[in-house]
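A.B. asks: Pasting a structure below so you can have a look.
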């Protein structure tokens, strides 16, 4: 069985060698980190306390049934966050190019902000932001 490599095959291997090295290093580092975590070899203590067991973000106790239903208020707050986060994403380019867009751009952004403000006031009055 004669194994000979042509120049084209060697060039192709050289092109993919950095990718192969990266995959090997990533696998070794990832495996080492997982091993250290499973073996509890770390820099800090592994003590469970009340802060680690407390509800976080969604407002529910940790380590309960995974199939329990979330409260609708959590989703309302999350949707409001996404809406106002997108508002900021639209405001930044507008603020950067305010001189180029002129009066029409200013008026259209003002209408956009008024609509969002009305929506925010509506949600506030309906009690979507209350977390009792």
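The values are calculated or read from the model by the stated rules, or taken from the named source; none is laboratory data. Small disclaimer: the values here were computed from a predicted structure and weren't measured. A quick note on method: Cβ atoms are made from the backbone with ideal geometry, for glycine too, and the neighbour counts reach across all protein chains shown.
A.B. asks: Hey, among 28, 77, which residue is modelled with pLDDT of 80 or more, out of contact with any helix residue (DSSP H, G or I) (no Cβ under 7 Å at 6 or more places or on another chain) and either surrounded by 10 or more Cβ atoms within 10 Å (Cβ to Cβ) or closer than 30 Å to residue 123 by Cα (or both)?
C.D. replies: Just a single option satisfies the conditions, and that option is 28.
A.B. asks: Also: Working carefully through the options 99, 67, find the one that is assigned to a loop (DSSP other than H, G, I, E, B) and at pLDDT 70 or above.
C.D. replies: 67 is the lone residue from the list that is assigned to a loop (DSSP other than H, G, I, E, B) and at pLDDT 70 or above.
A.B. asks: Now for a different question. If you check 53, 57, which single one turns out to be at pLDDT below 70, within 30 Å of residue 129 (Cβ to Cβ) and touching a helix residue (DSSP H, G or I) at 6+ places or on another chain (Cβ under 9 Å)?
C.D. replies: Being at pLDDT below 70, within 30 Å of residue 129 (Cβ to Cβ) and touching a helix residue (DSSP H, G or I) at 6+ places or on another chain (Cβ under 9 Å) holds for just one of 53, 57, which is 57.
A.B. asks: Return the residue satisfying two criteria in turn: it lies in region 113-132 and is part of a helix (DSSP H, G or I) and touching a helix residue (DSSP H, G or I) at 6+ places or on another chain (Cβ under 7 Å), and of such residues it is modelled with the highest pLDDT.
C.D. replies: 116
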